[in-house]
Structure formats: C-alpha cells, structure tokens
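Data block below; observations after.
The values are calculated or read from the model by the stated rules, or taken from the named source; none is laboratory data. All values reported here derive from a predicted model rather than from experimental measurement. Ideal geometry is used to build each Cβ from the backbone, glycine not excepted, and the neighbour counts take in all protein chains shown.
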Amino acid sequence: MDFIKTTELPSRHDHLEKMTTSELLKGINEEDKTVPTAVERSIPQIEPLVDQIVNKLKDGGRLFYLGAGTSGRLGIVDASECPPTFGVSPDLVVGLIAGGDTAIRNAVEFAEDNVAQGWKDLEGFQVSEKDVVIGIAASGTTPYVISALQECNNKGIITGCITCNEGSPLAKTAKYPIEVIVGPEFVTGSSRMKAGTAQKLVLNMISTSVMIKLGRVKGNRMVDMQLSNNKLVERGIKMIMNEINVDYAKAEKLLSKHKSVRNAIEAYGNKEN
C-alpha cells in the first residue's frame, strides 16, 4: 500500500468494554462531531462532480451509485429516496450493491472482492457515456468498485467516488474523487460509524443539490414529492396554502384535482382551477 488507511488506525479511545454507558455515548458523539468539518473540507471536490451530474442528467443521463457493504447500502438508500422526495423516475438515480439485493440485509461473503461483477451489474442497466457512476468505499480499496470504475473510464463514462482515505486506489481511479478524511473510528476499523456518516452526508449533498439544480425544488419546498401518505398530503396542502395564499379547503381541492403540489400551484397561477 502506498497510502495510509486512516480508517483502520487504532481508536483514540481504549478499554471500551470498561466504559459506562454515558462514557460510551459521549465518546461516540465526540468522534461524530468531527465528521461535518471533514465533509466541509471536501466541498471543493464535491462541487465539480455535482455540476457534471447535472449536465448529464439534463441530457437524458442517469446517476449510478456502486458500493459494497455499508457503502453500498447508503447508496441504495439515497437513490431510493429520490423518487418520493423529488418526484423523479426510479430509473434516474440507481443504487447497486455487491452481492445484489440479498446484500442489502445480509452480508454476502467475498462479494466485494469480485473484480468482474461491478461492471456486469452496470451493464445490466445499459450504462453509457450519458451516465455518471459514483463508487462508494470507505477504504478506497474495494475491488468490486474500483474495477467497475476502471471499465467506465475506458468507455468514456464519467466517474466519481466517495472514500475516507486519502490517496487510495479508488480515488486515483475516479475522475472526480471525493476524499472525506474522518480518521480512526471509535471502534477500531468500524467504518460504518464516522466514515458511514460522512458518506451519507455527502450523498445527501450530491442528490439534493442535483435535484435543486434540475428544478425539482421551488423556493425551499419539495413541490414534486410523491403524495404517498396522509402526512405528505397534509404537507402538500400547507405548501399550496403558503405559496398562493388560499385557505385549507381551497388548497385541498386543488391538490386533489391536480395530484401534485407543483401542478396545483401552476394551475392556480394560470387560472385553470
């Protein structure tokens, strides 16, 4: 290895089994407080990748997340939240995990070591130069992810990554690397903790920024969200009330007729209500 895998360095805390519950919680929280600062330092790396994604998606492309274990699950979570939050097609942001859907709930042995499967999984979606592929791996050494990004590079597909070690093989492979250096974990090597939190924060930043720039937010409101439960319907009604200054009954009628907050607001503005 020609880089220091800081995610594997010994914890700054020892004798964890002797700590009280309060000491454990405070220790974990102490480490967690360092994560937002580490993410902040990575914003200059995140920005150009977001702009590339926006350009590709405007041109009909898609965004793929590719990872193993915790990293893969985090990508799937972020991808799965885009349709209900922003009203986009489930095919626009896709999360893939080493070992397939089984690995979402259960560890699949050695799946992350398969150097051919990452590209095969992408091929199943007919990935092309119109798309963007982001590899997610705290260690930056996951073969499933690295080999897939190498193949993407060979085929002219834009690649990015989110990793928590500086100078890793993954960061050297991705055209737009994001390195969030969070340092040793509270439990040595347990990268589902600070590293996982950092990856989740970056994924939130990427997908939310992209969707805003694609016009999926109006003001600061999710006007394209799916109205999939009573809570969201109620939120939609209140959005309409605030946006066009009508009472509850009128807003409810508009939402019921037009089936989305955006459509209801635009219809009212066009006097098609």
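Quick grid of which residues meet (1) under 17 Å from the mean Cα position of the chain (by Cα); (2) in the same structural domain as Met193 (by TED's automatic domain parsing); (3) under 19 Å from Lys200 (Cα atoms):
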| site | (1), (2), (3) |
| --- | --- |
| Gly60 | no, yes, no |
| Gly72 | yes, yes, yes |
| Asp78 | yes, yes, yes |
| Thr141 | no, yes, yes |
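The residue list Ser207, Ser228, Ser191 contains one member that is among the hydroxyl-bearing types (Ser, Thr, Tyr), in contact (Cβ under 8 Å) with a residue 60 or more places away in the chain, out of contact with any Phe, Trp or Tyr (no Cβ under 6 Å at 6 or more places or on another chain) and farther than 29 Å from Ser139 by Cβ, which is Ser228. Just one of (1) closer than 30 Å to Thr163 by Cβ; (2) buried (at least 16 other Cβ atoms within 10 Å of the Cβ) fails for Asn204. It is (2). The residue that is nearest to Gln226 (Cα to Cα), among those in the stretch 40-87 that are out of contact with any strand residue (DSSP E or B) (no Cβ under 7 Å at 6 or more places or on another chain) and not in a helix (DSSP H, G or I), is Gly87. The single condition among (1) free of Cβ contacts under 8 Å to residues at least 12 places away in the same chain; (2) under 30 Å from Arg221 (Cα atoms) that Ile76 does not satisfy is (1). Within 23 Å of Gly183 (Cα to Cα) and buried (at least 19 other Cβ atoms within 10 Å of the Cβ): does that describe Val35? So Val35 passes the test.
The residues of the stretch 238-259 that are crowded, with 18+ Cβ neighbours inside 10 Å and closer than 15 Å to Gln226 by Cα, listed by number, are Met239, Ile240, Leu255, His258.
Considering Ala137, Ala116, Ala148, the condition of being touching a helix residue (DSSP H, G or I) at 6+ places or on another chain (Cβ under 8 Å), touching a residue at least 24 places away in the same chain (Cβ under 8 Å), under 18 Å from Arg192 (Cα atoms) and assigned by TED's automatic domain parsing to the domain that holds Pro184 is satisfied by Ala137 alone.
Taking the listed residues Ile162, Ile158, the one that is assigned by TED's automatic domain parsing to the domain that holds Gly124 and either small (Gly, Ala, Ser) or surrounded by fewer than 24 Cβ atoms within 10 Å (Cβ to Cβ) (or both) is Ile158, with no other qualifying. A single member of Val223, Val246 is outside the structural domain of Ile162 (by TED's automatic domain parsing) and in contact with a Lys or Arg (Cβ under 6 Å, 6 or more places away or on another chain), and it is Val223. Put simply, of Asn153, Asn114 the only residue that is touching a Gly at 6+ places or on another chain (Cβ under 9 Å) and over 24 Å from Asn204 (Cβ atoms) is Asn114. No other residue among Lys56, Lys18 is more than 18 Å from the chain's Cα centre (by Cα) and farther than 17 Å from Ile162 by Cα apart from Lys18. Filtered by the rule that a residue be in contact with a helix residue (DSSP H, G or I) (Cβ under 8 Å, 6 or more places away or on another chain) and surrounded by fewer than 19 Cβ atoms within 10 Å (Cβ to Cβ), the stretch 220-231 gives Arg221, Gln226, Ser228. Remark: pairs (first residue in the stretch 248-261, touching a residue at least 24 places away in the same chain (Cβ under 8 Å); second residue not in a helix (DSSP H, G or I); Cβ separation under 6 Å; 6+ apart in sequence or on different chains) = Val261/Val223. Does the stretch 226-234 include one or more residues that are over 20 Å from the mean Cα position of the chain (by Cα), assigned to a helix (DSSP H, G or I) and more than 23 Å from Pro90 (Cβ to Cβ)? Taking every residue of the stretch 226-234 in turn, at least one turns out to be over 20 Å from the mean Cα position of the chain (by Cα), assigned to a helix (DSSP H, G or I) and more than 23 Å from Pro90 (Cβ to Cβ).
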